[in-house]
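Colleague: Got a structure for you, questions after.
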Amino acid sequence: MLDRTLRLMVLGAALVTFGFAQMGGKGGGAVGGGMGSGAPGTSGISGVMSGIVIGMPSASAGPVTGADGTAYVLRATTATLGNVPTSAWELVAINPATGKFNWNLPLDGLMISDPVLGKDGTILLTATGTAMMSSVNAPKPALIIVAPSGTSARVQARISIDADMLSAPVMTQDGQTIYVVATQIPFMTRITQAASAGSTFLYAFFPGTGALKFKVQLR
């Protein structure tokens, strides 16, 4: 428990440092607007907020809506890990006529991005903050592709990404590519130095399967 708490503190401090580094430096998009913003080009402020309030989505972004008006949004739940209550997330589909859930889908991850509706009807999210702060077998940061239907949904693909922080996903206008910005922060620089010293990559994935199309280093 102590080890997990220490890791939470380290990641929180790293995110705060990263946010301030982004505010003072170039390229405010390495965190992709912070987890929960759904906007990969926002400033380092959301990086600061992500460090202070780990795992809580930004109130600045609303739900994504389908053609029929269904609202897809993250919902916080409480789970128990051993004897310790902990936060968990689920993606829910809310009926526009009744306000009731059409379905709810639990998602693994401490920080989950706001959902993005793909051109192919899938729902895209990224999950960050699992492997670092719990067991080595915990899910790694990943791109999540959800296939929804009227009354249920399933994770169609979960593509692990070697990074500490991920942006919200973006699908191109032609629906042929999913982009995610991933940032790696060297452990020794997380608190003592600017987190921007880490490496940043742009990942491009094929829709549907999430197969890697290419990877480009940005920093």
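Colleague: Given (1) at pLDDT 85 or above; (2) farther than 30 Å from Asp68 by Cβ; (3) not in a strand (DSSP E or B), identify the lone condition not met by Thr200.
Modeller: Failing condition for Thr200: (3).
Colleague: Cβ-Cβ below 8 Å, separation at least six or inter-chain, first residue in the stretch 160-173 and surrounded by fewer than 17 Cβ atoms within 10 Å (Cβ to Cβ), second of a type in the set (Val, Ile, Thr) and outside any loop (DSSP other than H, G, I, E, B): which pairs?
Modeller: Correct list of pairs: Thr172/Ile178.
Colleague: May I pose another question? Among the listed residues Thr86, Thr78, Thr98, which satisfies the condition of being among the polar types (S, T, N, Q), more than 26 Å from Phe205 (Cα to Cα), in contact with a strand residue (DSSP E or B) (Cβ under 7 Å, 6 or more places away or on another chain) and exposed (fewer than 12 other Cβ atoms within 10 Å of the Cβ)?
Modeller: That would be Thr78, the only listed residue that is among the polar types (S, T, N, Q), more than 26 Å from Phe205 (Cα to Cα), in contact with a strand residue (DSSP E or B) (Cβ under 7 Å, 6 or more places away or on another chain) and exposed (fewer than 12 other Cβ atoms within 10 Å of the Cβ).
Colleague: Only one of (1) modelled with pLDDT under 75; (2) in contact with a Phe, Trp or Tyr (Cβ under 7 Å, 6 or more places away or on another chain) is not met by Pro40, so which one is it?
Modeller: Against the list (1) modelled with pLDDT under 75; (2) in contact with a Phe, Trp or Tyr (Cβ under 7 Å, 6 or more places away or on another chain), Pro40 comes up short only on (2).
Rundown of residues vs (1) over 23 Å from Met171 (Cβ atoms); (2) modelled with pLDDT of 90 or more, yes/no style:
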position: Val73; (1), (2): no, yes
position: Thr77; (1), (2): yes, no
position: Asn83; (1), (2): yes, no
position: Thr86; (1), (2): yes, no
position: Glu90; (1), (2): no, yes
position: Asn95; (1), (2): yes, yes
position: Ile112; (1), (2): no, yes
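Colleague: Right, something else. Considering only the stretch 145-167, how many residues are farther than 23 Å from Ala204 by Cβ and of a type in the set (S, T, N, Q)?
Modeller: Residues in the stretch 145-167 being farther than 23 Å from Ala204 by Cβ and of a type in the set (S, T, N, Q): 3 in total.
Colleague: Oh, and also: Step by step: first the residues of the stretch 119-148, then only those that are modelled with pLDDT of 90 or more, small (Gly, Ala, Ser) and surrounded by fewer than 19 Cβ atoms within 10 Å (Cβ to Cβ), then the one that is nearest to Thr86 (Cα to Cα). Which residue is that?
Modeller: Among those residues, the one meeting the criterion is Ala147.
The values are calculated or read from the model by the stated rules, or taken from the named source; none is laboratory data. None of these values were measured; they are calculated from a predicted model. No Cβ is skipped: glycine too gets one built from the backbone with ideal geometry, and neighbour counts run over all protein chains shown.
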